[in-house]
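Working notes for the structure below.
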Amino acid sequence: MSTAGLTSLELFRVTPKPDRWWDGAAIYQVYPRSFADADGDGVGDLAGIANRLDHLAGSDRSLGVDALWLSPIYPSPLYDFGYDISDYTDIAPEYGTLDDFDALVEACHARDLRLLMDLVPCHTSIEHPWFVEARSSRDNPKRDWYIWADPEHDGGAPSNWEAAFGGSTWEWDEATGQFYLHSFYPEQPDLNWRNPAVAEAMADVMRFWFRRGVDGFRVDAIFAAIKDALLRDNPPDRRPHVIPGIGGEAGQDPLWSMNRPDVHDVIRHLRAVADEFPGRVLVGEAYVPMEELVSYLGNGRGDEFHLAFNFELLRSPWEHRHLTLAIERSEALHPPDVQPTYAISNHDNPRHATRWGSERARAAAFLLLTLRGVAVLYAGEEIGMIDAPERILPDPPFDRAGRDACRTPMQWNAEPGGGFTNGDPWLPLVDHESRNVADQSGDPDSLLHLYRRLIKARHESPALARGHHRSFFDVAPEVLCYLRQADDQRVLCLVNIGDTAADCDLSAVAADAGEVLVATSDRSGRVSLGDLVLGPGEGVALRL
């Protein structure tokens, strides 16, 4: 690859935007049931999270992340473990109270740590008062807040649409003689976003939390917000459609039931509410191809999501060509003024230390935290937590979609209960004697210390924090190589994803040597680019 023009600083001039605190941010996702239990009932809670904030920010031994994102903490009958909400403006009793939440917000902000919540706008619980009213009679004022339809002539469902977790999207309501729609579980009836009253009610929910100091929302499953008004049957499957939490194929092309063009009206409505409160951010969750994801970002117009998860990296196998494709598609398709948002683990998918292997956890951390954009960490990945083996999980499972394995409690120390609880944890711990925060905090060669070093380097380097990205190819068969540049700082990042040492051909790079900024190994000092050999799984960022 030619380096012509790479030394032109004007080409890479980057102007920081103070109102966009999320540019280059590291966001830490907490599944609240599993982070820290303060009252000993075996379930995590808000007081427990507050007690562990120094792990995230505000101390010399913290990760140094920029924001905390909480999965749902609203009241819920737990058919989908919090994603079936029965009250959008309160806290579930097992997690605490609104006073506890206010105290958590204050404690976060005292550490310059932003707090994000989950917004679940597409469906409620069957126990939400809105739905209780809606199903009470066909002429109830709330009836049109949900999607109802008469049966076909043969008594069957109104369309052939399949729910994300299996079966029909239609559930028969005997009392009123109609079907109601649910994109996920039957206990999660879909809201009717074509009704302006629904849009305004959700706007009031957002304002309620923004006024309490919340810094933004991760917006759940937004691609399911709008359906075809004519309820047309979906055609046969034409390509894989991976649905969160399933890992398989839906069996049909959800042409009319998901990812409809009208969904952008919903997103623009949410964005308009967020814009009433300066400095707030909306992060979209949409399991759609990258070509379609960019439309959720408003194609650069600035009227839809600020950020949207790129799941192509998370879904990639640990292979050079697949990782390269995920990164290059993201770089090529994101609008110029919008940053990619990467995660490699979350509450819906197997942990990357399980998918890719624990031996690759250091290289994976390097990749996540040196790529351009926003990095989202899932609690426990910084200590190499793995999924629970099926043999130790409860039967029947808590989560019907089979996601218990990646939702096990955070492992703070090697003691019984892992420092998570003094009681019996709601899910079992996994190898906490050898994977825990306390032991790794005292080991400078640990994975936890690597995460701290990577995030610190990200904060201190303009190139890593907000710089442009340009890839170099053919450096070595198993090496990913990319230049990050902002203003007059250039950082060359290399990571060997292979299992053997790699001789790097860096003749295309216009420099003789570089200074180690951060590395997965003990490599330090000045490094010659003419004879660089990377060890298996080694990553190194060099200031040129």
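Quick note: the coordinates plus some simple rules give every number you see, no bench work behind them. In this text the structure is predicted, and so the values were computed from the model without any measurement. Cβ atoms come from the backbone with ideal geometry, glycine included; neighbour counts cover every protein chain shown.
With respect to the chain, whose longest principal axis is taken over its alpha-carbon atoms, helix 196-210 is tilted by about 50°.
Subtracting the Cα-Cα distance of Asp505 and Asn299 from their residue separation scaled by 0.36 nm leaves 70.5 nm.
The stretch 489-544 and the stretch 63-134 have Cα centres separated by 43 Å.
Here each label is just a point 7 Å from Cα along the line to Cβ, and for Leu98 and Asp512 those points are 6.7 nm apart.
Say R0 is 35 Å: what FRET efficiency, to the nearest 0.05, do Ala272 and Ser137 get from their beta-carbon distance? Rounded to the nearest 0.05, the efficiency is 0.55.
Full extension of the chain segment joining His322 with Asp60 gains 90.6 nm, where the gain is 0.36 nm per residue of separation less the Cα-Cα distance. Taking amide H as placed 1.01 Å from N in the peptide plane, the amide H of Val374 sits under 5 Å from that of Gly24, Thr341, Tyr342, each at least 5 places away or on another chain. Using the Cβ atoms and a cut-off under 11 Å, what net charge is assigned to the surroundings of Gly498, where Lys and Arg are +1 and Asp and Glu are -1? Its environment carries a net charge of -3. Sites count as exposed loop sites when they are GluC sites (Glu not before Pro), lie in a DSSP loop, and have at most 14 other Cβ atoms within 10 angstrom; the longest stretch of the chain without one is 1-151.
With q set to 0.16, 0.21 Å⁻¹, the log10 of I(q)/I(0) for the stretch 468-543, from the Debye formula over equal scatterers at the Cα positions, is -0.50, -0.89.
Inter-label distance, Ala149 to Ser528: 7.0 nm, where each label sits 7 Å from its Cα along the C-beta direction.
Only beta bridges with both residues in the chain are counted; by DSSP, about 60 percent of them are antiparallel.
Helix 320-333 and the longest principal axis of the C-alpha atoms of the chain enclose an angle of approximately 70°.
The lysines whose alpha-carbon is closer than 27 Å to the alpha-carbon of Lys227, local same-chain residues fewer than 8 away aside, are Lys142. Treating only the Cα positions of the stretch 408-523 as identical point scatterers, give the base-10 log of I(q)/I(0) from the Debye formula at each q in 0.12, 0.20, 0.23 Å⁻¹. Treating every Cα as an identical point scatterer, log10 I(q)/I(0) equals -0.62, -1.07, -1.24.
Between the Cα long axis of helix 263-274 and the first principal axis of the chain there is an angle of about 70°, rounded to the nearest 10. Counting 0.36 nm for each residue step from Lys17 to Asp443 and taking away their Cα separation leaves a gain of 149.7 nm.
Inter-label distance, Glu390 to Arg315: 2.3 nm, where each label sits 7 Å from its Cα along the C-beta direction.
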